[in-house]
Each structure stands twice: as C-alpha cells, then as structure tokens.
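The values are calculated or read from the model by the stated rules, or taken from the named source; none is laboratory data. Source: prediction; values computed, not measured. No Cβ is skipped: glycine too gets one built from the backbone with ideal geometry, and neighbour counts run over all protein chains shown. Heavy atoms of the whole protein, side chains included, go into the accessibility calculation; ligands, DNA and RNA do not. Shrake-Rupley method; radii C 1.70, N 1.55, O 1.52, S 1.80 Å.
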Amino acid sequence: MSEGLNELYQVSQAVLSVTRQMSVRDVLQVIVRSARSLVGARYAALGVPDQGDSFAEFVVDGISGAEWAAIGPLPRRHGMLAVLLNQGKPERLPDIRKDPRFEGWPAAHPQMSHFLGVPVRDGDEVLGIIFAANKVSAAAEKRGFTERDEEVLSLFAAHAAIALTNALLYERSRELSVMQERSRLARDLHDAVTQKLFSIRAHARAAAVLAARESPDADRIRAEIEVVGELGAEAHAELRAVIDGLAPPDLEAAGLAESLRRYAVLAGRAHGVPVAFTAGCVPPLSEKAEAALYRVAQEALHNALRHSGASGIRVSLAKTARQVVLEVSDDGHGFNAQAPSGGLGLASMRERAASAGGALTIRSSPKGTMVRMTVPGKAAR
C-alpha cells in the first residue's frame, strides 16, 4: 500500500472509530487519541471553549492521570490556544516556545517543542481545537511536524466536527428526556408526601386551638402533638426512601466520570452558569464510593449554582497515588464554612464521604469556595 493510501486508510479508520461513539465525552476522547496516532505525536489534546475565557471540555492523551492532576486547573484561552480559536486556521511550529505568541505553561506541564494545531469547525463556528506536540520517532524529532501531517490532521478534524455535532445533538435530546423524567419524579414526590404534610398541619392547628382554650385539655394536646411527630417521621421516611431509591442517572451504565460530566453540563445550562468538568484516568470504585462521590458533587454543585453568585464553576475528578479526588470550586462570594450547615447540606456531604471511607474538606473565602472529597484508592472494585 502506498504511503498516501495508507494515510487515507488510517484517517478512515479513525473517523469510523469516532462516529461509533454517542456521548460527547467519548467522541472527544476518541478524537484526541486518533489525532495523536495519525501524526505520530507524543502528546495530543482537544479543547472545547466555554462561554467565558476557559474551556467547557479539555481532554488529553499521552499524559497520565497523576500528571494531569499535577498540572492544575484547566488552561485559559490565551497564548496559542487563543490564536487557534480566534483565527480558526491551522498553526504548525518547529518550537512553540520560541513563538512570540506563546505565553508559557504551569510548572508541572510537560516540555513541548514541535506543535501542530488545527480547528474543529462547523461552518464558520469553531467547535474546538486539536493540537499535537512532540514527535515520537527519533527520526522525526529534528524536522518536527510536516505539511503532510497538517493536511492529514485537518482532514480528520473536518470529519471529527460532524461526529462531534451529532453527539452534541444526541446529548441534548437525552437531556430533554432527563428533564422530563425529573419533572415526573417531582410529581411523584409531591403526591407521596403532600397528604401527610396536610395532615401534619391539621393536627398542629388542632393542638394550637386546644392550647388556646381557657382550660386546655393537656392529654388531648399531647395526643395531637404525638400524631404530628409520627406523621412527620413517616413523611421523612417516605421521602428518604424515594431519594435513596433513585440511583444516580446512568451511573452504572455510563460510569462515574461521564455521569458527573452530564449532570454538570445539565445543571450549568439550567442555571446559566458555565460549569467546566475534567476527569483523569480514575479506576472503577465500589458502588458505595461512586454513589457518595456523585451525591457530594451534586450537592456541592447545587450550592455553588444556587447560593455562591459565581460566574464560573469547575468540577474535577482525578486519581493520585493513593486517592481518588473530587473537587468542586467556584469564584463566588463564599460563606462561613465553620457556621452551622443550615440549608447547604454540609453535614449530609460529610456523612456521605465518611460512609464511603473518605474525607471532606471545605475551604471558603470571599473569593470563592472549594469542596474536596477524597476516597482511598483501595475503594477500587
């Protein structure tokens, strides 16, 4: 097979791999893995911009989960990343560090020299950017990426854009189904608890009327109050049973990281606040640990969206040498983390973390809040 036909075959196989995926996250992962292979790069990444100055999605290949966690927060849209997004055309450089538009990277970031970046476009809209760095083969190290590499990656990006657009449309239809299902569950919860709450109010009112009489009947008052207590306990038990019976959506089928990503995207859109999600290579955990991580993330994200006044929120899931780490951080106005938990559900989050053998840390200041939950790596299945 000639070199040209071989390259075309590789692009075709890569495109087929991408189009088999349905979720946006899976599409992004396959795109970046295929891009790295097609041009023989040591590293590859794909960034999908958010509505602010960062990225809604940023996936990498060639970097371990621990290395990715050490790098820190998602990159901002600056330097060469901003150039690719704003100009929407390929960039091929022999050494990115020597380009005047380069603005550096974090201390833990791998050292990169050869650079090739291409936009993923849907018409005039730039859906994202694919970039590759550092040739793998020793023979190619001196010359870096070639014009042919640029052509191959640009061709692949054009097809990847179609797959990504289809995945976005598919997920939006799923989100609509999820919202409809949640509306149904809300109605079910309403029907299950409303009658008992009505009875509680009726008995409490009867107790108040009896207490207001000139000669109150202490036994009847006590009986009414006991009924109120019993009904309250029953309503609470029913509500907890319904809530605990609702497994996190698609957690078993899609996995923890993908389920968290879907919820983060949906919640952010519902509240009109950008939510960025990143996940490293996290092993499957026990059912209890995954459920606890999901519920804590859900509660922390809910608090940030409803109470923090944040302009942006980040959710990350990563693995260190000994732990799996979940972080939910925002740039809101903060709160007093030492105060009674009130309606923020802090006690509930701590209980969930402890029940999975993990720990919860909350740091808050006028510049933002960070909720961090860790579970030991031994919680893996």
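Numbers below:
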{"read-out": "Extreme residue, least open to solvent (accessible area, probe 1.4 Å), among residues of region 52-62 that are under 14 Å from residue 74 (Cβ atoms) and not in a strand (DSSP E or B)", "value": "54"}
{"read-out": "Any hit, region 134-151, residues being of a type outside the set (Phe, Trp, Tyr) and over 16 Å from residue 41 (Cα atoms)", "value": "no"}
{"read-out": "All positions within region 340-354 that are within 17 Å of residue 370 (Cβ to Cβ), modelled with pLDDT of 80 or more and open to solvent by less than 70 Å² (accessible area, probe 1.4 Å)", "value": "346, 349, 353"}
{"read-out": "Residue tally, condition at positive phi and among the β-branched types (Val, Ile, Thr), over region 309-336", "value": "0"}
{"read-out": "Candidate set from region 355-381 (those that are polar (S, T, N, Q) and surrounded by fewer than 15 Cβ atoms within 10 Å (Cβ to Cβ)); member that is modelled with the lowest pLDDT", "value": "355"}
{"read-out": "Residues satisfying the stated conditions in region 279-294, i.e. surrounded by 21 or more Cβ atoms within 10 Å (Cβ to Cβ) and of a type in the set (D, E, K, R)", "value": "290"}
{"read-out": "Residue identified as under 18 Å from the mean Cα position of the chain (by Cα), among the polar types (S, T, N, Q) and part of a loop (DSSP other than H, G, I, E, B) among 311, 259", "value": "311"}
{"read-out": "Any hit, region 280-292, residues being at pLDDT below 90, in contact with a strand residue (DSSP E or B) (Cβ under 6 Å, 6 or more places away or on another chain) and basic (Lys, Arg)", "value": "no"}
{"read-out": "Unique residue being in contact (Cβ under 8 Å) with a residue 24 or more places away in the chain and out of contact with any Pro (no Cβ under 6 Å at 6 or more places or on another chain) when the list is 89, 98", "value": "89"}
{"read-out": "Residue among 269, 240, 187 that alone is within 30 Å of residue 27 (Cα to Cα) and either modelled with pLDDT of 75 or more or under 36 Å from the mean Cα position of the chain (by Cα) (or both)", "value": "269"}
{"read-out": "Total residues in region 114-158, condition of a type in the set (Asp, Glu) and touching a strand residue (DSSP E or B) at 6+ places or on another chain (Cβ under 7 Å)", "value": "3"}
